[in-house]
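Report on the structure given below.
The values are calculated or read from the model by the stated rules, or taken from the named source; none is laboratory data. Everything numeric here is computed off the predicted structure, so don't read it as measured data. Using ideal geometry, Cβ is built from the backbone for each residue, glycine included, and neighbour counts are taken over all protein chains shown. To get the accessible areas, we keep the full protein, side chains included, count just its heavy atoms, and leave off ligands, DNA and RNA. Shrake-Rupley method; radii C 1.70, N 1.55, O 1.52, S 1.80 Å.
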Amino acid sequence: MTAAESLRDATARLAPASATPRLDAELLLAHALGIERSDLLLKLRDISIPEIFDALIDRRASGEPIAHIVGTRDFWTLTLRVTPDVLIPRPDSETLIEAALDHFKDRPPPKRILDLGTGAGALLLAALDEWRSATGLGIDASERALAVAADNAQRTAMADRSAFRLGNWGEGIVERFDLILANPPYIMTSAMLPRDVLHHEPHMALFAGADGLDDYRRIAPQLSQLLAPGGIAAIEIGFDQGETAAALFRDAGLNVAVRQDLAGRDRCLEVTPR
């Protein structure tokens, strides 16, 4: 087969398992060749298909996420390592960074940043890349996730400005932070998920009780003692949790605004001190 024919065949094989089969096939072929997808498309007529490509397509067809197969995921300005021990960073979560940028547009930049449930370190490292004089702390309940985050800090040359600690949200932290970021679990335990998410991503980073609000209930009472004056907490929510999640933080004595993502869905709580 030519490269173009191989891509068409791979696309057909992936169609039952993926909403973006052609894109997945191109990404996996580029990975197999050790080149960027943009270079693949430019050089398609001259490419020979490596033997490993067929095995990569089989893995994706079985439901394994692209990010786990290639080992990385782009987020904001960074390329981060991901493993099955962390939630794969998603574009929707970039809404939190946008909220922080808007908040500090006419204010002094944040000096200290806290990332609750840091996972791969995506939110913390993206924020540190925006504010080069800031330092930050990432908290997670998984030691394996913390190892991935620390490795990403090294890969992005931000290890000297970041620290990672095992913990349960903000418990035991006595410091105040100018910016707090959090993408807690918010999926109801009864929710139906795509198999690549359900079978390949850590459940402790996905599910949050019968109504999906359990971890917001834990975080909300802690924020007033963690936020510095003039600071903001940007907290990810499910698209249908704008009112229910916000109410928990308002009941804790905080100001809350709901921010939408690029698709127009509720995605982020902008929480500030009263």
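Residue farthest toward the positive end of the dipole of the stretch 136-274, with Cβ of Lys/Arg at +1 and Asp/Glu at -1: which of 238, 163, 188? Positive-most Cα among the choices belongs to 163. Residues whose amide H comes within less than 5 Å of that of residue 164, counting only those at least five positions distant or on another chain, are 138 (H built at 1.01 Å from N in the peptide plane). Taking Cβ atoms as reference points and 12 Å as the exclusive limit, the residues near residue 143 contribute a net charge of 0, counting Lys and Arg as +1 and Asp and Glu as -1. When the trypsin sites (Lys or Arg not before Pro) in the stretch 14-123 are filtered for DSSP coil states and for at most 11 other beta-carbon atoms within 10 Å of their beta-carbon, the remaining sites are 105. Per-residue SASA remark: residue 199, around 130 Å² accessible (1.4 Å probe; ligands, DNA and RNA not included).
In this rough spin-label picture, where each label sits 7 Å from Cα along the Cβ direction, the residue 79-residue 191 distance is 3.0 nm. Reported value for the stretch 178-274: 102 Å³ per residue, from the convex hull of its C-alpha atoms. Heavy-atom accessible surface of the chain, averaged per residue, reaches 48 Å², computed with a 1.4 Å probe.
Remark: the Cα gyration tensor places the stretch 1-61 in the prolate category, a/c being 1.5 or greater and a/b exceeding b/c. With a Förster radius of 30 Å applied to the C-beta separation of residue 211 and residue 105, the computed FRET efficiency comes to 0.30.
Subtracting the Cα-Cα distance of residue 2 and residue 132 from their residue separation scaled by 0.36 nm leaves 42.1 nm.
Against the criterion of solvent-accessible heavy-atom surface with a 1.4 angstrom probe, 216, 186 sort, most first, into 186, 216.
Here are labelled values, (1) -0.28, -0.55, -0.66; (2) -0.37, -0.73, -0.86; (3) -0.22, -0.46, -0.57, and one is the computed log10 I(q)/I(0) by the Debye sum over Cα atoms at q = 0.07, 0.10, 0.11 Å⁻¹ for what I pasted. Which one? Of the labelled values, this structure produces (1).
With all protein chains in place and a 1.4 Å probe, the accessible surface of the stretch 1-133 carries 50 percent carbon and sulfur. Looking at the stretch 1-143, the DSSP beta bridges with both ends there are about 45 percent antiparallel. Over all Cα atoms in the stretch 138-201, the spread is summed up by Rg and Dmax: 14.7, 41 Å.
Comparing 236, 94, 36 in a Gaussian network model of the chain, where Cα atoms under 10 Å apart are tied by springs, the biggest mean-square fluctuation is seen for 36. Put a plus charge on the Cβ of each Lys and Arg, a minus charge on the Cβ of each Asp and Glu, and nothing anywhere else: the dipole of the chain about its Cα centre is then about 400 debye.
Under the shape rule built on the C-alpha gyration tensor, where the axes satisfy a ≥ b ≥ c, the stretch 18-135 is prolate, since a/c reaches at least 1.5 and a/b is greater than b/c.
When the helices of the chain are scored as -39500 (n - 2.57) per DSSP H run of n ≥ 4 and the total is divided over every residue, the value at 222 nm lands at -11000 deg cm²/dmol. For the stretch 255-274 and the stretch 92-132, what is the centre-to-centre distance using only Cα atoms, to the nearest Å? With the stretch 255-274 and the stretch 92-132 each reduced to a Cα centre, they are spaced 14 Å. Modelled this way, with points 7 Å down the Cα-to-C-beta line, the labels at residue 48 and residue 224 are 6.9 nm from one another.
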